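Here the structure comes first, spelled out in structure tokens, and everything after it is commentary.
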Amino acid sequence: MSEAPAIAVRGLTKRFGNRTVVDHVDLTVQPGRICGFLGPNGSGKTTTLRMICGLLIPDEGEGEVLGLDLLTRRRAIKHQIGYMTQKFGLFSDLSIAENLEFIARVYRLDNRAQRVAEALERLGLASRSTQLAGKLSGGWKQRLALAAAVLHEPKILLLDEPTAGVDPQARREFWDQIHALARDGMTVLVSTHYMDEAERCHKMAYIAYGVMLARGTCPEVIAASGLRALQGEGPGADRLAAEIEGREGVDMAAPFGTSLHVCGPDLAALRRAVAPYEDRIRFTESEPSLEDVFIHLMRHATDNSVVEA
Amino acid sequence: MWERIGAMVFKELRQMVRDPGTIAMMLFFPIIQLVIFGVAINNDPRHLPLAVEANDHSAMTRAIVSGLRATSYFDVIELTGQHGEGERLIAEGTAQFVLTIPSDLSRDLVRGIRPQLLLTVDATDPASTGPAIAAVNEAVAQALARELRGPLAPRAQTPPPVDLVLHRSYNPEGITSHNTVPGLLAIILSMTMVALTAMSVTREEEQGTMENLLATPLRPIEVMVGKIVPYFLIGLVQVVVILAAALLLFKVPFVGSPVLLLAVTLVFTLVCLALGFTMSTLVSSQVQSMQASMFYLMPSILLSGFAFPYRGMPVPIQWLAEILPPTHYIRLVRGIMLKGWDLRLALPETGVLLGMLVLLTVIAVRRYRDTVG
């Protein structure tokens, strides 16, 4: 890749007290790409995003955002980044139009009225522009927050769990919008818990307990995990999960409807583990899911968050 | 039913214990109130500064001075006899009373001419001076009764041997509202400016809008100034309303310079706003900032000299009052409005307020971060 990365951070570390929340994280995102940022709750996703957009100063590490030094050019970076917080961050006692107008003023945008009107039009909220932002439903709030985050046409968009609690259709539309923005050259870093959303990203990064555990495209991450999986079908297959999970060679076993999904690092060992049940249940090899990979990664990561909690 | 109520009670108690602000309120408020009402407040203040301008250096004068000392009402300052010194001390507030003894006191007493003693009183706070004035009368009469013996004994009979002329400066009719209404300016500004600013910042944090603000190119100083300006304007409106009411409704005299009053009011308003902002960086919720403002407001009302005479409080409490910005502002307002303080007289208290402003601004700027967490 000849183009300079939009985001390139190395060894990013943040400690709160004696707890390391983000531990030497490296992350590179190419321009116009959507990078999914995954990891369990409290794994350091939000903290990493905050460090990238200048809301937190890393204790260690370095990096460039849009070629600007992360540590010394925080203000210049802020001008070119759009950040959508996890919690609705606009003013609920201001109207939709007033919120957008405020953002436009803060970024000192030209043609303010026109930009706000266009954004309202795109949102489909032109007729409701005087409604208070706090009165909007969850899905609309999220769309408004996105419109506000991209009003100043940032080069990078950081989204912190943008679709939490939003219905499937709104989520689908949201992701269509993200892809449209990326097509126009915007670089997107989005944290999420949803596997289907991770699969919609160009690349993904998995972080647990502050440590980056996996990176790459979806097939790359699955392949790199070395996990193998079996699918068991038969009477009572789903009820064997707990029993099979305890056997050697089995990483995890989980019921999916009436069938059983078993996975582990070694196919032969997996076969041996399920052999006693093969009289009743038919096991066939299947593709490990992204979820398998992430749960596997999480279980093998050392949990340092328990120390203080 | 009782179990369910019990569950609620238990839950409330647990939550109460988790909230240090509420606990502090519940424990400290009664203690502070006990101290203030029990010890600090005294409507019959003693040890008031009284200057004696003695133009007659006789035994009579010495008897009067020692008599005044003996009352415990006064800390007597003896003047060198330079004319006009007494007025200056009263204007500055260094002395609350000036007793002028005429040069021919002894001669007139002997001749049976009732000499006039002039007692000038700083009557801005009429409530606190009443008992003290009575004490002067008493002390002078007793001192002279001791001195006027033998052939002069009849002089000590009625009518009293001297004529004590009372001159109430600044508030000749002794109208209480002339004292309290200017003080209200300080209290209302403290009440609204401090609490509103403190809450406006914590509200952003509580509602999660601060994170969004900080992610924009807004600088901390821009957020601070932007937040303060609207409240500053509200403060100015309040000042205009209170002053209009003071002048038109309560007919409070306005002897000094309106420009000077406006200037010190500006400084005081900024002190309040900076204090509110500093408070907001120390607390984490709107409820806490409300509680913090209460902690500030109560002593401000009770100790600043607004509700009770400053001189009536024990010295340690007076030190505490000196830390409170309203104490200084109230002196300035009363000084400028009632006593006609000019810039020179207003300078010391204004200097204190400016010092507080600088200190609070430095703390607020240092504590307010453009980062979260």
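The values are calculated or read from the model by the stated rules, or taken from the named source; none is laboratory data. Here the structure is a predicted model, which means the values were calculated and not measured. Methodologically, a virtual Cβ is constructed for each residue, glycine included, from the backbone with ideal geometry; neighbour enumeration extends over all protein chains shown.
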Selection within the stretch A:101-120 - within 14 Å of chain B (Cβ to nearest Cβ) and not in a loop (DSSP other than H, G, I, E, B)
A:Glu101, A:Phe102, A:Ile103, A:Ala104, A:Arg105, A:Val106
Is it fair to say A:Phe37 is among the aromatic types (Phe, Trp, Tyr) and within 12 Å of another protein chain (Cβ to nearest Cβ)?
no
Take the stretch B:206-225 and flag every residue that is within 10 Å of another protein chain (Cβ to nearest Cβ) and either within 30 Å of B:Phe254 (Cα to Cα) or not hydrophobic (A, V, I, L, M, F, W, C) (or both).
B:Gln207, B:Gly208, B:Thr209, B:Glu211, B:Asn212, B:Thr216, B:Pro217, B:Arg219, B:Glu222
Quick one: which of B:Ile23, B:Ile36, B:Ile77 is in a helix (DSSP H, G or I) and either under 28 Å from B:Gly130 (Cβ atoms) or among the polar types (S, T, N, Q) (or both)?
B:Ile36
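Conditions tested, residue by residue: (1) on the phi < 0 side of the Ramachandran plot; (2) aromatic (Phe, Trp, Tyr).
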residue	(1), (2)
A:Gly139	yes, no
A:Glu153	no, no
A:Trp175	yes, yes
A:Ala180	yes, no
A:Gly185	no, no
A:Glu197	yes, no
A:Val221	yes, no
A:Ala229	yes, no
A:Gly232	yes, no
Scanning the stretch B:160-191 for residues that are touching a residue at least 60 places away in the same chain (Cβ under 8 Å) and among the hydroxyl-bearing types (Ser, Thr, Tyr), which turns out surrounded by the fewest Cβ atoms within 10 Å (Cβ to Cβ)?
B:Ser177
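Results for (1) at pLDDT below 85; (2) touching a Pro at 6+ places or on another chain (Cβ under 6 Å); (3) surrounded by 15 or more Cβ atoms within 10 Å (Cβ to Cβ), shown as yes or no for each residue.
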site	(1), (2), (3)
B:Leu282	no, no, no
B:Ser289	no, no, yes
B:Ser293	no, no, yes
B:Tyr296	no, no, yes
B:Ser300	no, yes, yes
B:Ser304	no, yes, yes
B:Gly312	yes, yes, yes
B:Gln318	no, no, yes
B:Ala321	no, no, yes
Candidate set from the stretch A:45-99 (those that are of a type in the set (Lys, Arg) and within 13 Å of chain B (Cβ to nearest Cβ)); member that is nearest to A:Lys14 (Cα to Cα):
A:Arg50
For the stretch B:33-84, which residues satisfy the criterion of being of a type in the set (A, V, I, L, M), within 25 Å of B:Leu152 (Cα to Cα) and loosely packed, with under 15 Cβ neighbours inside 10 Å?
B:Ala59, B:Ala70
Looking at A:His179, A:His202, A:His152, which is the one that is touching a Cys at 6+ places or on another chain (Cβ under 8 Å) and surrounded by fewer than 21 Cβ atoms within 10 Å (Cβ to Cβ)?
A:His202
(1) touching a residue at least 60 places away in the same chain (Cβ under 8 Å); (2) surrounded by 19 or more Cβ atoms within 10 Å (Cβ to Cβ) all hold for A:Gly63 apart from (1)
Of (1) at pLDDT below 90; (2) not in a strand (DSSP E or B), B:Phe10 satisfies all except one. Which?
(1)
Residue match in the stretch A:35-47 (condition: surrounded by fewer than 17 Cβ atoms within 10 Å (Cβ to Cβ), at pLDDT below 90 and either aromatic (Phe, Trp, Tyr) or touching a Ser or Thr at 6+ places or on another chain (Cβ under 9 Å) (or both)):
yes
Those residues of the stretch A:3-54 which are of a type in the set (Gly, Ala, Ser), touching a helix residue (DSSP H, G or I) at 6+ places or on another chain (Cβ under 8 Å) and within 12 Å of A:Ala208 (Cα to Cα), in sequence order:
A:Gly39
Please work out if A:His202 is within 15 Å of the chain's Cα centre (by Cα), under 30 Å from A:His24 (Cα atoms) and at pLDDT below 90.
no
Qualifying position, being more than 14 Å from chain A (Cβ to nearest Cβ), over 30 Å from A:Asp59 (Cα atoms), not aliphatic (A, V, I, L, M) and not in a helix (DSSP H, G or I), among B:Trp319, B:Trp341:
B:Trp341
Exactly one of B:Ile133, B:Ile221 is among the β-branched types (Val, Ile, Thr) and over 24 Å from the mean Cα position of the chain (by Cα), and that residue is B:Ile221
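Matching residues to (1) of a type in the set (Gly, Ala, Ser); (2) farther than 30 Å from B:Leu302 by Cβ; (3) more than 14 Å from every other protein chain (Cβ to nearest Cβ); (4) touching a strand residue (DSSP E or B) at 6+ places or on another chain (Cβ under 8 Å):
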site	(1), (2), (3), (4)
B:Pro160	no, yes, yes, no
B:His167	no, yes, yes, yes
B:Ala186	yes, no, yes, no
B:Ser190	yes, no, yes, no
Considering only the stretch A:213-297, give the helices (runs of 4 or more DSSP H) lying wholly within it that have at least 2 residues that are out of contact with any His (no Cβ under 8 Å at 6 or more places or on another chain) and under 29 Å from A:Gly44 (Cα atoms).
A:218-225
Can you name the number of the only condition in (1) surrounded by 13 or more Cβ atoms within 10 Å (Cβ to Cβ); (2) over 22 Å from A:Met186 (Cα atoms); (3) at pLDDT 90 or above that A:Thr130 fails?
(1)
Would you please list the contacts, defined by Cβ atoms under 9 Å and residues six or more apart or on different chains, that run from a residue in the stretch A:193-213 that is touching a residue at least 40 places away in the same chain (Cβ under 8 Å) to a residue that is aromatic (Phe, Trp, Tyr) and part of a helix (DSSP H, G or I)?
A:Met195/A:Phe294; A:Glu197/A:Trp175; A:Ala198/A:Phe294; A:Arg200/A:Trp175; A:Tyr206/A:Phe294; A:Ala208/A:Phe294; A:Leu213/A:Phe294
B:Arg203 passes all but one of (1) out of contact with any Asp or Glu (no Cβ under 7 Å at 6 or more places or on another chain); (2) at the interface with another protein chain (Cβ under 9 Å from one of its Cβ atoms); which number fails?
(2)
Quick one: B:Thr124 ticks every box in (1) away from chain A (no Cβ under 14 Å); (2) part of a helix (DSSP H, G or I) except a single one, so which number is it?
(2)
Consider B:Ala63 carefully, then state whether it is in contact (Cβ under 8 Å) with a residue 60 or more places away in the chain and among the aliphatic types (A, V, I, L, M).
yes
